[in-house]
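The values are calculated or read from the model by the stated rules, or taken from the named source; none is laboratory data. None of these values were measured; they are calculated from a predicted model. Neighbour counts run over all protein chains shown; Cβ positions are idealised from the backbone, glycine included. Areas reflect the complete protein model, heavy atoms only, side chains present, ligands, DNA and RNA absent. Shrake-Rupley method; radii C 1.70, N 1.55, O 1.52, S 1.80 Å.
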Amino acid sequence: MKKLISLLIIVMAFAVTGHAVTHETLLGVPIDGTLSQFAGKLSSKGVRTVSRETGVYTLNGSYSGFSGCEFYAFSNEQTGQTYKVDIYLPKRTSWRGLKDDYNKMVRQFRDNPRFRFDEEKSEFESPYREGDGDEIAAVKADKCNYFTDFISGDGMVRISISKFMQVKIAYYDFANFPSDDNTSTTGNDSYTGDTNTSGAMKFMGIPMRGNINSFAQRLVNEKGCRIVDNDEHVVSLRGTFTGKESEFYVFGTPSSNQVWKVTVYLPKLSTWSSIKNEYLKYKKEFDNKYDLRSSYDFFSEGYSEGVEGVEADECHYSAFYNAPGGTIMLKISKYMQVQMSYEDASQLEIRNRENGSSSIGNDI
């Protein structure tokens, strides 16, 4: 949302000049206070709390004539104040039903004098197009780009079609909006999410803090990922990373299950030249952004450059970086995939204390 930060600056300017701070509202309830306080006020509107995790509450209730809606309320890590609420309408099984829900919500906000229309986009990414009969496949592949933005004096609302066959309504409160939030209009994150001002390493703009299930849920709610499996100390997901459909693994510490590492695997490639070129492309990007600690580019004795050596795990193309809040490893994995691992320094210490060891362990 390219205009959100500039609008936030305007709100802050009003606060500095002495104007009273007001907040965006949802169902008549100001988006303010702690998550517990905000959820308590929503309960008077029939919205009940389902689960509580660090930084995010899950709720369920009715919205704009739709029952059984999912609500996700998020708090500003810096202040502890609620700043964002995502609402998912019930799932649809047809493109027509989904689009009708979307158009209904857009009309309601267009007719609401409290909001000003700001921007709209309605298109499918190639090879899909509306009317080809594959609209549902396009939605589930995250190739349906439908969204409409509305601005009020206190915040912003974005209505969109999600890859989960649900219409999503996202409310943002400007007064409580994090100064370092990296929400993007496309939902495809590149390397901007690792800038850190609070001590925690960030992955795709989300601080690597809290329980792995809470962190994984934020990847689902905020980045459109989907959970594939959930073991005792690792949650696996799939989602978009730097524009590519990728695998994610969120690792938890042995006792408290706090997130300490996230590993990403880009799509599998079939030739040595293609994976080498992709690795070098990312290495160039990382070299320009982070402090390179060490790097290697060789094969073990007896192997030459090629797929055979990679799949035998004898390809040692890797680079290690110091980044804000922790370290990043980039490598060519034996699965013919470029791999990136993000480790938070303070969470790694917790992991080592709980494990009774200073070793880092092996990646998946």
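Just a few scattered comments:
- In this view, the solvent-accessible surface of Tyr335, computed with a 1.4 Å probe and all protein chains in place, comes to about 100 Å².
- Accessible area in square angstrom per residue, the chain, 1.4 angstrom probe: 45 Å²
- Taking all protein chains together and rolling a 1.4 Å probe, Asp100 ends up with roughly 80 Å² accessible.
- Note on segment 237-364: lysine pairs with Cα distance below 18 Å, sequence gap of 8 or more or different chains, count 21.
- Angle between the chain longest axis and helix 272-289 axis [Cα atoms, degrees, rounded to 10]: 60 degrees
- Here the chain is treated with +1 on each Lys and Arg Cβ and -1 on each Asp and Glu Cβ, and its dipole about the Cα centre works out to around 1140 debye.
- Probe 1.4 Å - accessible area at Ser67, Å² to nearest ten: 80 Å²
- Loop-located GluC sites (Glu not before Pro) in segment 198-302 whose Cβ has at most 13 other Cβ within 10 Å (DSSP): Glu232, Glu301
- Helix 4-16 axis, angle to the chain major axis (alpha carbon atoms, nearest 10°): 60 degrees
- Expressed as a fraction of 2.2 N^0.38 Å, the C-alpha radius of gyration for segment 104-157 is 1.40.
- Surface composition of segment 75-120: carbon plus sulfur atoms hold 44% of the accessible area, using a 1.4 angstrom probe and ignoring ligands, DNA and RNA.
- Among the GluC sites (Glu not before Pro) within segment 34-130, those in coil by DSSP and having at most 16 neighbouring Cβ atoms inside 10 Å are Glu125, Glu130.
- Stokes-Einstein D in µm²/s, Kirkwood radius over Cα pairs - the chain at 20 °C with 1.002 mPa s viscosity: 97 µm²/s
- The fraction of Cα-Cα pairs per 10 angstrom bin, counted from 0 for segment 229-364, comes to 12, 39, 36, 13, 0 percent, rounded to whole percents.
- About its Cα centre, the dipole of segment 226-364 is roughly 440 debye, where the only charges are +1 on Lys and Arg Cβ and -1 on Asp and Glu Cβ.
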